[in-house]
Amino acid sequence: VRIEARQGTTLASGTIDAFGRDGPGGKVMLLGPRVGLIRNSTINVSGRTGGGTALVGGDFQGGNPDIPNAERTYAGPDTLITADAIETGSGGKVIIWADDWTKFYGTINARGGAQGGDGGFVEVSGKQTLHFNGKVDTTAPHGATGTLLLDPATLQITNGAAVAGDLSGNAADGTVLAGDADGGTTNGVAGQTLGGLAGTTNVILEATGQI
C-alpha cells in the first residue's frame with residue numbers, strides 16, 4: 001500500500017491493513033512533503049510468519065533515493081503501528097522520518113513470534129528536530145529483543161517531563177502545516193519516556209551534532 005501526496009499533506013486517520021494471514025506482513029508507505037497520523041490512525045503490517053514494513057515520511061535515516069522524504073512528520077497519541085510476527089519469524093521494520101522535524105507520541109510494536117523469532121527494528125528520527133514521547137515494543141518471547149533508533153541532529157535527554165512545547169498546538173491540533181514551528185525547544189527526548197521503554201526494546205541514540 002503506497003499513499004503519497006505529491007504536494008501538501010498526507011493525513012491518515014483510519015486503518016490501513018496489510019496483515020499477512022498466511023505469511024509475513026505486507027508493506028505500507030505514507031509519503032508526502034508533510035505526513036500526519038491523527039486521531040485513531042492504525043497501520044497493521046503484522047504477519048503470521050513475520051512482521052512487514054511500515055515507512056512513514058521516509059526510509060532508514062532518510063537515505064533511500066526511491067522513497068521521498070517528508071519535511072515534517074507527526075504521529076498523535078492515539079496512533080498505533082504494528083509490525084509483529086504472530087506465530088513465527090521476526091518483527092518487522094518501522095521507520096518514522098522527516099528532514100526537518102518529527103513529533104511522535106504514539107505506539108509502535110514490532111515483536112517477535114510467539115513460537116520463535118527476534119524483535120524488529122524501529123527508527124523514529126527527525127533530521128533536525130525530534131520530539132519523542134511514545135511507546136515502542138520490540139520484545140520477543142523466544143528470541144532477541146529488537147532495536148529502537150532515535151537519530152536527530154542534536155539530542156537532549158532531560159529528567160522528568162517531556163521538553164516544554166512538545167505538545168504545543170503546532171501539530172497536536174491534527175495538522176502538519178508548512179508554517180508550524182518546532183515549539184521553540186531544543187531537540188528533546190523525555191527522560192521518563194526512555195525509562196518507560198526499559199525491557200521493551202534496545203535503544204540506540206545517535207546524533208549528527210551533539211548528545
Practice problem: Provide the gained length on full extension for the span H142 to D17, in nm with one decimal, where the gain is 0.36 nm per separating residue minus the Cα-Cα distance. | Solution: 42.4 nm
Practice problem: Using only alpha carbon pairs under 8 Å that are at least six residues apart, calculate the relative contact order of the range 13-90 and give it in whole percent. | Solution: 37
Practice problem: At 1.4 Å probe size, with every protein chain present, just tell me what the per residue accessible area of the range 30-111 comes to in Å². | Solution: 29
Exercise. Rounded to the nearest 0.05, what FRET efficiency do E206 and E4 give with R0 = 30 Å and r taken as the Cβ-Cβ distance? Could you check?
Key: 0.65
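What does the C-alpha gyration tensor say about the overall shape of the range 1-42? Classify as rounded when a/c is under 1.5, otherwise prolate if a/b is larger than b/c, or oblate. Let's see the in-between values first.
Details: a/c = 4.23, a/b = 1.77, b/c = 2.39.
Oblate, because a/c is 1.5 or more while a/b does not exceed b/c.
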Quiz prompt | Cα centroid of the range 107-136 to Cα centroid of the range 20-80, whole Å | solution = 11
Quiz prompt | Cut-off 13 Å, label 7 Å out along Cα→Cβ of Q115, residues of the range 9-47 by amide N | solution = 22-23
Quiz item: Rounded, prolate or oblate: which fits the range 1-86 when a ≥ b ≥ c are the square roots of the eigenvalues of the alpha-carbon gyration tensor, with rounded for a/c under 1.5 and prolate only if a/b beats b/c?
Solution: oblate
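Is the C-alpha gyration tensor of the range 88-137 telling us rounded, prolate or oblate? Criteria: a/c under 1.5 is rounded; beyond that, a/b larger than b/c is prolate, otherwise oblate.
Because a/c hits 1.5 or more and a/b exceeds b/c, the range 88-137 counts as prolate.
The values are calculated or read from the model by the stated rules, or taken from the named source; none is laboratory data. No experiment lies behind these values; they were computed from the predicted model shown. Counting neighbours? That spans all protein chains shown, and the Cβs are built from the backbone with ideal geometry, glycine included. Surface accessibility is based on the protein's heavy atoms, side chains included, excluding ligands, DNA and RNA. Shrake-Rupley method; radii C 1.70, N 1.55, O 1.52, S 1.80 Å.
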